[in-house]
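One structure is given here, and the rest of the page talks about it.
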Amino acid sequence: MAQRLMERAADAMSFVRELQQDFQTRNEMITRSVDIIEMRSPVLVPTAYETTAMKVRTHLPFQQTAAITASLSVNPISVHRDPIGSTDRAQAQANRLERFWEGAWERQNGNVRVLRPFIHSLVVKGSGVLKALPRHQSAWGGYYKSGRAQMADLFGETTKRYVERKRESEYAVWAEKYKQEKNLPFPILVTCPPVESCYFVGSDDGFKAFVEVKDVPYYETLARFGAGLDGAGKVVSAERIAAATGLARPEHEWSAAMGGVRTLRMYEVWLANPAECLYILEGPGDNSPEGGEMVKRLVHRYTEPVTGTLRGPYFHSYGITTSSRDRAYAGVPMLFPYLVTIDLLNSLNTMAHNGVYTFAGWPSLYVDPRPGEGGPMEPGVGSAPDGGEEEGNDDGTFKWKVGTVFPYPVKPVDAPRLGVDLHRMRDATRADLNQALPDVLLGQIGSDTSGYAENQAQHLASLYFDPIVDNAEVAVADLFGWQSWLLANVIGETVYVHSGKPLNKKRGPALGQLGIGPSDLQDDHEYRVKLTPKTPSNDLLQVRRIGEELRLRLMGLPEAREERGRDSSEVEMDVLEDVVKEKLTEVVVTRTVQEIATIDQAEVAGEEGGAVGAAGIGDITGNAGNAFAPGAGMALEPTVGGGPGNPSGIPVAPGTPARHLDLPGSP
């Protein structure tokens, strides 16, 4: 068994070495670009000036790439999922999935820990890699342990089927409550490994093999895999330790075997056929081409049966894509056309700064004796100004103490002056480099520039970064599809997250926990991702363009909302809610005003009624009081409909009705 593992590891390492040779040119370009960004690139200086020259490197590449990375990753991503069907229920389910994955991305600290390094890699290195693996066995260890205890308490030794079904339902309720209350970590870990440590064999359908190389702490890694080290610093697997006693050194001798090195080299080899993952460790003593020891072999289910490629866990994307089939030039960094320009600018800056430092700041002096005063003594001979012996050097120079008066006239050496051509060349080179990030994208515009011209200039300048955005959107969308597949086929349980960002900013903070399980995914794992790196000026241009297309009926509202990065159904619900609130507010205000007017009229009528009762009714003594004139208080306009004796509805003065009774005391 141990011999077969060693042979398998030797074959895998031979395959890895071939991949590393194939990607050598790519890594050299990445190293050069990273050294320029991190201001570590070499600056050529003549040999005679190496000891005194100060190497000056420009900060513009770092500033430009940092600004571009921030603008492309500052806004949160939006996930879009097409509904399976045309019903309202299908649309509501698609909305739930969109909110779930946006919340999961925030739970994974996506924009800070994942998206920003990924975008920076696309900008600086020309390509980037995302990696996602399930971690539910470790992150949910407490949940699984409590679940086993709960099942033992519920089921016991019963064999009755109806009892089992009831207790299964009780266990499901307990499990969901536990996951919500304990706020378990998200069971999928997303990382962004350095692209220069990743090698792959791919086709149009995906990866046939993917290799990640990384340095890991030796003690924790050896303990994790149960491996050890021999006296020569070579890794010994757990199988070989079990097969041969005394092959590995004790743990307290590992530090001496490492020889002062603190890390091991790990090779993580993922293969589609056979569907396995090999973990190979290389110690300081494993320096042969086939060196390294396989410490773990993992059989996976990540091979797509139709295409024979890996579904995951790696997702690769290029930065600025070219048509080259060379891996080194298929995706190039943003500063690729300016690499030579940056080296030239560094050299010119070094010349200018050292010229000022040497000739202006710290000039060289020489003796200029006046006629009849004589000159300095020969080196090493003569007297010092204070009467002591002069400190002469064999090279013709003298050392004098600070504060003493030099006895001979001196003048500065007239060093070569910095010509205007040097400054012109440096300014031209810097202007050429500024094209990588035009001033208009930094907010630096002329006072005579109109707002429309500024918007147009920003839009045209930002088109240079659109390939990076498009490639990143595709890679992140594939990442979400892979996590969806893992949730349905590997984790197999409902996962809870906060509902992520609110459906609308005015709705306040998160909307509570949202759970998605395998049944909710319906074996469909296709998603689309939208990055919104546009500046406010670009947003204004986009809004105007979309508004014009809507006015001309060239697009519908759902398409317009999606292009703006919004969910159409959610926006529609928000608009409907606003309209209903507006109408309800209008109705409430109208009725309130009417009620107030009615109350005011009732109060006025009550006051007039009190006056009538006091003056017009009379008393029992026969005094009739002040009677109203006939017809007083009747309507000024004709009444509608009329009545008996007055069919037209025209008001008339009332006469004496039949069968009337005279008031007491009347004549």
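Some notes on this structure:
- Whichever residue in the stretch 81-111 is more than 16 Å from Glu570 (Cβ to Cβ) and polar (S, T, N, Q) and, among such residues, is nearest to the chain's Cα centre (by Cα): Asn111
- Across the stretch 36-55, the qualifying residues are those that are open to solvent by 80 Å² or more (accessible area, probe 1.4 Å) and in a helix (DSSP H, G or I), and the one among them that is modelled with the highest pLDDT is Thr47.
- The residue of the stretch 73-104 that is farthest from Pro117 (Cα to Cα), among those that are among the hydrophobic types (A, V, I, L, M, F, W, C), assigned to a loop (DSSP other than H, G, I, E, B) and open to solvent by 10 Å² or more (accessible area, probe 1.4 Å), is Ile84.
- Test: residue in the stretch 227-237 that is modelled with pLDDT of 90 or more and open to solvent by 30 Å² or more (accessible area, probe 1.4 Å): no
- Residue list for the stretch 122-135, restricted to those being open to solvent by 10 Å² or more (accessible area, probe 1.4 Å) and of a type outside the set (A, V, I, L, M): Lys125, Lys131, Pro134, Arg135
- Residue count for the stretch 300-320 under the criterion of being open to solvent by 20 Å² or more (accessible area, probe 1.4 Å), farther than 14 Å from Trp270 by Cβ and in contact (Cβ under 8 Å) with a residue 60 or more places away in the chain: the result is 3.
- The test for being at pLDDT below 60 and open to solvent by 10 Å² or more (accessible area, probe 1.4 Å) does not hold for Gly492.
- Verdict on Arg8 being at pLDDT below 85, exposed (fewer than 14 other Cβ atoms within 10 Å of the Cβ), farther than 24 Å from Asn349 by Cβ and over 25 Å from the mean Cα position of the chain (by Cα): no
- Pairs with Cβ under 7 Å, 6+ apart, first in the stretch 474-497 and closer than 12 Å to Trp101 by Cβ, second in a helix (DSSP H, G or I) and of a type in the set (A, V, I, L, M): Ser484/Leu521; Leu487/Leu521; Val495/Leu487; Val497/Ala104
- Members of the stretch 13-37 that are out of contact with any Asp or Glu (no Cβ under 9 Å at 6 or more places or on another chain), farther than 30 Å from Leu345 by Cα and of a type outside the set (Phe, Trp, Tyr): Val16, Glu18, Leu19, Gln20, Gln21, Asp22
- Criterion applied to Ala328, Ala272 was being farther than 21 Å from Val216 by Cα, in contact with a helix residue (DSSP H, G or I) (Cβ under 6 Å, 6 or more places away or on another chain), touching a residue at least 40 places away in the same chain (Cβ under 8 Å) and not polar (S, T, N, Q), and the one residue passing it is Ala328.
The values are calculated or read from the model by the stated rules, or taken from the named source; none is laboratory data. Keep in mind that this is a model prediction, so the values were computed, not measured. Please note: Cβ atoms are built from the backbone with ideal geometry, for glycine as well, and neighbour counts cover all protein chains shown. With ligands, DNA and RNA removed, areas are computed over all heavy atoms of the protein, side chains included. Shrake-Rupley method; radii C 1.70, N 1.55, O 1.52, S 1.80 Å.
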